[in-house]
Each structure stands twice: as C-alpha cells, then as structure tokens.
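Just so it is clear, none of the values below were taken in a lab; they were calculated from the coordinates. A quick note: this is a predicted structure, and the numbers were derived from the prediction, not measured. Glycine also receives a Cβ, built like all others from the backbone with ideal geometry; neighbour counts cover every protein chain displayed.
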Amino acid sequence: MTFNTFWFIVIAVLWIGYFILEGFDFGVGMLLKAVAKDQAERRAVLTTLGPVWDGNEVWLLVAGGATFAAFPEWYATLFSGFYLPLFLILLALIVRGVAFEYRSKYGDKQWRARWDNAIVVASFLPALLWGVAFANIVRGVPLEKKNGVIEYAGGFFNLLNPYALLGGVVTLTVFLTHGAIFLSLKTDGAIRERARALVTKIGLVAAVATVAFLGITTVAFNDKHEVYALAFIVALSWLAALQFNLKGREGYSFLFSSIALAFAVITLFTALYPNVMPSSLLESASLNITNASSTDYTLKVMTIVALILTPIVLIYQGWTYWVFRKRVSAKQISTPEVGVLDRINP
Amino acid sequence: MNSLDLARWQFAITTVYHFIFVPITIGTGFLVAGLQTAWYRTSKPHYLRATKFFGKLFLINFAMGVVTGIVQEFQFGMNWSSYSRFVGDIFGAPLAMEGLLAFFLESTFLGIWIFGWDRLPKKLHLASIWAASFGTLFSAYFILAANAWMQHPVGYTMNTARGRAELTDIFKVLTQNTALASFGHTIPAAFFTAGAFVAGVSAYLLIKNRDVTMARSTARLGFITVIVAFILVAVTGDLTARIMTTQQPMKMAAAEALYSSEANAPFSLFTIGTLDGSRSVFQIDLPGVLSFMSTGSTNGVVEGINDLQNKYAQQFGAGDYTPNIPIAYWGFRFMIGFGFLALLFSLIALYRINRNELPKGKWFLPAMISMPFLPLLANSFGWIFTENARQPWAVFGLIKTADGVSPAVGAGSVAFTLVVFTLLYGVLAIIEFGLMLRAIKVGPETFDRPIEDVAVGGDSDRTLTMAY
C-alpha cells in the first residue's frame, strides 16, 4: 500500500470517528427540547454530553489538520470551494460550544431558553450541512484547472442540488436517531422512554432516506461492486440498531448505529477512491490521492506520528466513556432551576 | 477593500481575538493544577476554594478559546488556499500533530476534570488537570513551530514544478532556534498573563474583604508568578530579538524605526516620522542600546530600513519590502510598556501584601482591576508587531501574503463572513466578560459536603457535583 492510500484511509477513519462521536452530540442537541421537558431533564440531557463533546469535536479538527498535512490541495480546494457551508458550520460550532458551557450559569428563564434554542439550531445546521458537503464531494463539483492549480469554479447554489440535499437529510435524520439511541443508553426515567420512542419514528425516516441516497450512489458508481456490498451492510446494521432499540437492548442498538455510520463513511470513501474530489466538468481537473498529496517524506513522518499517537488517544478517550458510564437522571440534578452564578457567596 | 484586505482583516481579528483566551488558558490551567495539588497534599480548605473558584473562571475563558480555535484552523483553507497549497507539505504536519497530540489531550482530560469530581479517585482527578495543562503546552509548541517556519523557513526545498515548498527535515522545523525562542517567550508570557489575572482578581477580593485567607494566598501566588515570568519573558525576549536581527533584520529595523544602517545604534524611546515613513523627524534615543539588544555589543552594526529595502529589491525583484513602520514601532513599545506596568504594580502589591498590609490610596483598586488586562494588551501588541513586521511576506522570502489568498473566494463572501464573525465575536465577548465579572462577584464558595475518594465511575444515585 502506498502512503497516499494509507492516508486516504486515515482521513476516512477520522471522519468515521467524527460522525459517530459528534453525530450523537448533534442528535442530542437537536432533541434537547423534544426529550427534556423541565430544567432538571434538560440539564441531565446536557450532562450526558458535558464530559465528552469537546473531545468528540477534536476529531473534526484532526481530520482538518490531517487533510492539510497529507493532501494540501484537497484541503485548499475543498475549504475555499465550500466556503459558505463551512462558514455556517463554524458559526454553529462556535455558538454550540459556548451555549453548552454558559447555559446553566444563570437560572433566568429567558437566558436558558435562548441558549436552548441556540443549541437546537446550532446542532441542526452542521448535522444537515455535513451531509450536503459529503454528497457533493462524492457527486463531484465544478472544478477547473487554472495555471496548474485545481480550483472550485461553482457557486454556493451549485452545492444545493437534489442529491446533496438528500445527503443532508440522511445525516440529519441519522444523527437524530443516533443521538436518541445515545440518550436511551445514557439517561434514565422519562427521558430514556421518550428517546427510545423517537428512535423508531425518526430511525425509519432515516432508513428510507439512507436507502434512497445509497441507492443513487451505488447506481452512479455501478462499476464498483464493493459499493453495493458496503451499502448493504449500512442498511442491515441500521435495521439491527432499530430492532435492538425495540427490544430494549440499548448498548447493542448504539453499537449497530455506530457500525452503520462507519460503513456509510466507508461506502462514500470507497466510491470516491482514488479521487478525493472529482470534478464534474473534466476528469483531468479531478483531485486524487496523487495530485493532491504531500511528498512521501511528509506522509512518512505523519505515518510514524499517527501510528504512535492514535492508539494512545483511543485508549484514553475510551477510558473517558468508562469513567462516565453511569446513566444520568433528572433526579440527580440538585436545584435545577438555580445557576451557579445566581447566588453571591458569603 | 479587495478580498486580500478583507481576508487579512479577518485573519487579524480572529487571531487576536483567539489569543485573548489562549494565554489565560495555558497559564491558569497550570496555576489551578498547582492549587489543586496544594489541596491534595495539605487538605487545607482554602486551596480547594481557590481551585474551584479559579477553575470556574478558567472554564468560562476556556470555552471561548476552544470555539475560536476551530475558526483558526479552518481559515487557512478557506481564505488562504494559495498559501495552504504552497506550504501544506510542511505547515500541515505540525498542525496535524497539534490536533493528535495536544487537542485530544486537553479536551478529553479537561472534560474528565470538569465532570470528574465525584467520578474519580482524588489522585486521578488531580492528574487529569495536569494532563489537560500539558496538552495546552504541547499545542502551543506545535503552532509556534509552524509560525516560526513562517518567520524563518528551514528544512525544506522548493519544488518549482509543483510551485510549492516541500519538507526535507521535520526535526529542523520542530527544533530550529526561532521556534524554541518563540516557545520560550510565549509560554512565560502566558504565565505572566495568568499570574496577573489571578493576582488582579485576588487583590480585588482582598480590597472587598472577602475570603481573605484564600485571596491572600492566591494574590501572592499571582504576583510571584508575574514577577518570575517577567524575568523569563525578558530573557527570551532578548534572545528572540537577536535571532530576529539575523533572520529578519527588516523587522528589527521597523521595530526601531531605524532608517539607515548604524553601528552603536540607539534604542529609540519615542519617534515621529514623516508621512511617507521614509525619514524620522523627531526621536528620543538611548545610544548603543539597540546595537546591544540586536547583536550583543553596543558597537554592532544594525541594518536600516532603507538599506534593507534596496538589498531586498535586488534579491527578490522590484517591490516594497517595508512593513508598516508605525505599527511595528508602536506595537513593539506597547508590548514592552504594558508588560512593565503589570510588573511594577505586582512588585508594589507583593511588597505590601508580604508585610500584611494592603496598599492604600486611590490608585490601588484601578491598578488591580487593570492587572488582568495589561498582559493581554502586551500579548496582542507583541503578536501584531511580529506578524505585521514580517509583511509583505507570509513566509519570509518565499511567498508574499498577497499571493496566498484564495482565488476562488470573492470579496463579497469574505466581507460577509468578516462582518458576521466580528459581530458574533463582539456579542460573545460581552457575554463572556459579563459572566467573568459575575463569577468574581459571586466569589469563592464554601463546601458543606466533603469531597470523598470514590472508585472510577462513581455512584449513580447521588446528586451530581457538576452538571451542565
């Protein structure tokens, strides 16, 4: 295997990690008001994310950094080309992170209601836009070669085609379901029941959207037989996740929704390979793992670094989930209406 | 304004804004870790109050550092795609290492620390704040190594066919003297900032006569941190200046508004130049000091702006190689000036506090309130100086800033994102500042429930010590 292929796989793995981890963060954020009715419940829901959301978001930062290091042309063309969607995602991530941290500082109803709305909207936007972005990458966007450099030649509205919007609906509904499964696994009482009921409802919508999206994708890439097989695994895992939820086996349900997400990313990256950003205009203006990549020396350096550090990161991040394995319930929140900054200490 | 100017403004605003929160995070993280260690060792309750109180302030600040950091990493690709293509083979590596080694460490262990008070044995909980703090340190190292490469590119070769710089020696990039000096200068500056923050807040509590036991102890910690950090900042600042003089003489000349090369060059305390910036009209000078700062000898020759301009025009082709002189000149002086002021306040306050008295007089309260802000100003001016005085280069000698901007992004798009980001930063700054003030006013809390050692995972039925 060449270093280029290896780093293509690494980038895929980073997106798998990101979609599984921040995927449920987005889902929980969007469901905040739907599953949690009073202050104690809202705070219990947010507390399931509290210790982990920031570490989950780092998967995105590392995916971005790794793309910069391994495929600078991909990083440059993608980030400058998908300018406004990325801007909206950044805006949402800024507001969301701050909202988590500041929301319960005061008990004031309006203060909390505003941050709650911010959390819902700022979770919704990236959940939708990541799907739009990925669908566009796989589908191909207008790329042109000017002075030897491959640049995005479309506009904002080129990105809002039906296939891409369907991709957005897929990530949106899949993250919603994945978040509901996470909540059913991590909470107790009324929140858990509401979340479990939502899994089936939204999960079926997600199933329809996913099958439609992957169906179109497999037809478009019908020369690659492995894409069919992978898409099939996605569908089966997803149905298994919904089935385990119905049976009340929340751990397995989460495991299978994570597997479905992982294989969805694998399906898309397999469809893409060896391109990283195909051009919809000219095959010669496509970015691939060779013309977008860094030198072998840089890839070798990064390979050594990644092979040493990734296992360590996986171990301690996994350990976090072990430390916070206990369910959180509304009754554990003392004085839910009061913020830590409400009272002046003597 | 064209998209280049707008992209430069956006980079400047995002970076300066981000760097308000970063040094507070780096330094305060370690101070809180130190306070918690003191509590762990001595069980004295005021150390626990201090840990929780400054921990709370630290986290209000940290949230802002995190979210602005995301923009920081993405804006290279968004607004500076040509730059990213040119440097990616080299510049991307430390960024990716920063993510993998530092971001994961700080975010994961800080999450554990915030929510782990009743989920972990005391020792592991303490270890988590140390791990997070070292994460911030590693983060600083990699991003400063990347920045140092822009100041002084090493360990690369030019690939003219692909029109980019390519990495040949990662160890040179990570260990060159520019990077080490910059790290040695920036980290003490972060401690200086955090010390002033802790000291200012503690002095305020002392003046208001609240939790005097804790406030006296943390005030002393803060002021001592400021004084020790200042010495290190000064030593490494001197080192940085000498490295800068050999590597980027134009920057040193701009910092001094030194127009023609001189031996026994003076350090100018104050200057007024002609409008075109090519000649100074009025200056107050300290003879020989600049030569000493730059070369280590009062007789050393320091190259002047006009001579360097001619030299660069011959070397790189016709063009303007002079940075904005007033920004460089005043940025350099404000950096030093604000730092000195914080040091001065700290020396006086510490002397009095050690004699168990508080300075009287109307100046003391405003001085203490200004303490947290002085290093922030010094930091900002320092970076504004060092980045601005590298212009017109993005990477010195290799690629100009003007050639780094994204060709695919129109001025309208950059203007739109610039306005929205700036407005959002403004709103969040007001909210963050309000929360900080409020948290200081609320003051340290007393704990009625003792903190017990628990097994990993804790007890699921008890009320949570920390909930969002």
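So the label point goes 7 Å from the Cα of B:Ala263 along Cα→C-beta, right? Which residues of region B:286-316 then have their backbone N under 13 Å from it? B:297-302, by backbone N distance to the label point.
For A:Val276, the residues whose modelled amide H falls within less than 5 Å of its own, excluding neighbours fewer than 5 places apart on the same chain, are A:Leu287, A:Asn288, A:Ile289. For chain B, dividing the convex hull volume of the Cα atoms by the residue count gives 169 Å³ per residue. Note on region A:52-180: Rg/Rh from C-alpha atoms, Kirkwood Rh, equals 1.04.
Take the Cα of A:Lys37, step 7 Å toward its Cβ, do the same at B:Ile451, and the gap between the two points is 3.7 nm. Computed over chain B, relative contact order equals 22 percent, with contacts defined as Cα pairs under 8 Å that lie 6+ residues apart.
Here r is the Cβ-Cβ distance between B:Leu423 and B:Ala402 and R0 is 30 Å; the resulting FRET efficiency, rounded to 0.05, is 0.65. Summary value for region A:3-332: 27 percent relative contact order, contacts being C-alpha pairs under 8 angstrom separated by 6+ residues. Amide H to amide H, with H built 1.01 Å from N, A:Val141 comes under 5 Å of A:Ser280, counting only residues 5 or more places away or on other chains.
Centre-to-centre separation between the Cα atoms of region B:159-191 and those of region B:1-56: 24 Å. Give me log10 I(q)/I(0) at q = 0.09, 0.10, 0.12, 0.14 Å⁻¹ for region B:77-218, Debye formula, one equal scatterer per alpha-carbon, no solvent. Debye curve over Cα of region B:77-218, log10 I(q)/I(0) at q = 0.09, 0.10, 0.12, 0.14 Å⁻¹: -0.44, -0.52, -0.69, -0.83.
Annotation for B:Asp238 and A:His225: the two label points, set 7 Å from Cα along the Cα-Cβ direction, are 7.4 nm apart. Taken residue by residue and averaged, Cβ atoms of other chains lying within 10 Å of the Cβ of A:321-329 number 5. When only Cα pairs below 8 angstrom with a gap of at least 6 residues are kept, region A:168-318 shows a relative contact order of 17 percent. Of the DSSP H helices in chain A, those with a Cα length along their own long axis of 30 Å or more and a mean Kyte-Doolittle hydropathy reaching -1.0 comprise A:3-35, A:109-139, A:162-186, A:190-220, A:225-246, A:250-272, A:296-323. For the protein assembly as shown, the equivalent ellipsoid derived from the alpha-carbon gyration tensor has semi-axes of 44, 38, 20 Å in decreasing order.
Where a Cα-Cα gap under 12 Å defines reach, which aspartates and glutamates qualify for A:Lys105, not counting those fewer than 8 residues away within the same chain? Those aspartates and glutamates meeting the cut-off are A:Glu337, A:Asp342, B:Glu432.
Scaling the Cα radius of gyration of region A:1-90 by the globular reference 2.2 N^0.38 Å produces a ratio of 1.36. Rg of the Cα atoms in region B:190-259, relative to 2.2 N^0.38 Å, amounts to 1.63. Among B:Met158, B:Met214, the order by Cβ neighbours within 10 angstrom, fewest to most, reads B:Met158, B:Met214. Arranged from fewest to most other beta-carbon atoms within 10 Å of their beta carbon, A:Met1, B:Met78 become A:Met1, B:Met78. Considering all C-alpha pairs of region B:310-468, those separated by over 28 Å amount to 57%. Considering region A:3-332, its Cα convex hull presents a mean projected area of 16.5 nm². Qualifying trypsin sites (Lys or Arg not before Pro) in region A:1-86, where qualification requires a DSSP coil assignment and no more than 15 other C-beta atoms within 10 Å, comprise A:Lys37.
Legend: mean number of C-beta atoms from other chains within 10 angstrom of residue C-beta atoms, peptide A:336-345, equals 4.
Output the DSSP H helices from chain B with an along-axis C-alpha extent of no less than 20 Å and a mean Kyte-Doolittle hydropathy no less than 0.0. Helices meeting the span and hydropathy rule in chain B are B:3-42, B:45-79, B:81-97, B:122-151, B:177-207, B:212-247, B:325-354, B:373-388, B:411-442. Amide H contacts of B:Ala263: B:Val302, each under 5 Å away and 5 or more positions distant or on a separate chain (H built 1.01 Å from N in the peptide plane; Pro and chain starts excluded). Restricting region B:15-88 to trypsin sites (Lys or Arg not before Pro) that sit in a DSSP loop and have at most 16 other Cβ atoms within 10 Å of their own Cβ leaves nothing.
Across region B:355-361, computed HN-Hα scalar couplings (Karplus, 6.51 cos²θ - 1.76 cosθ + 1.60, θ = phi - 60°) run 8, 6, 9, 9, x, 9, x Hz from first to last residue, x flagging Gly and Pro.
Quickly estimate the mean residue ellipticity at 222 nm for chain A, helices only: each DSSP H run with n ≥ 4 gives -39500 (n - 2.57), and the total goes over all residues, rounded to 500.
-25500 deg cm²/dmol
Under the combined filter of DSSP loop state and at most 11 neighbouring Cβ atoms within 10 Å, region B:312-373 retains these trypsin sites (Lys or Arg not before Pro): B:Arg355, B:Lys360, B:Lys362. Only DSSP H runs of four or more residues enter the estimate; each adds -39500 (n - 2.57), and after division by the residues of chain B the mean residue ellipticity at 222 nm equals -23500 deg cm²/dmol.
Multiplying the residue separation of A:Ala190 and A:Ile304 by 0.36 nm and subtracting their alpha-carbon distance yields 36.3 nm.
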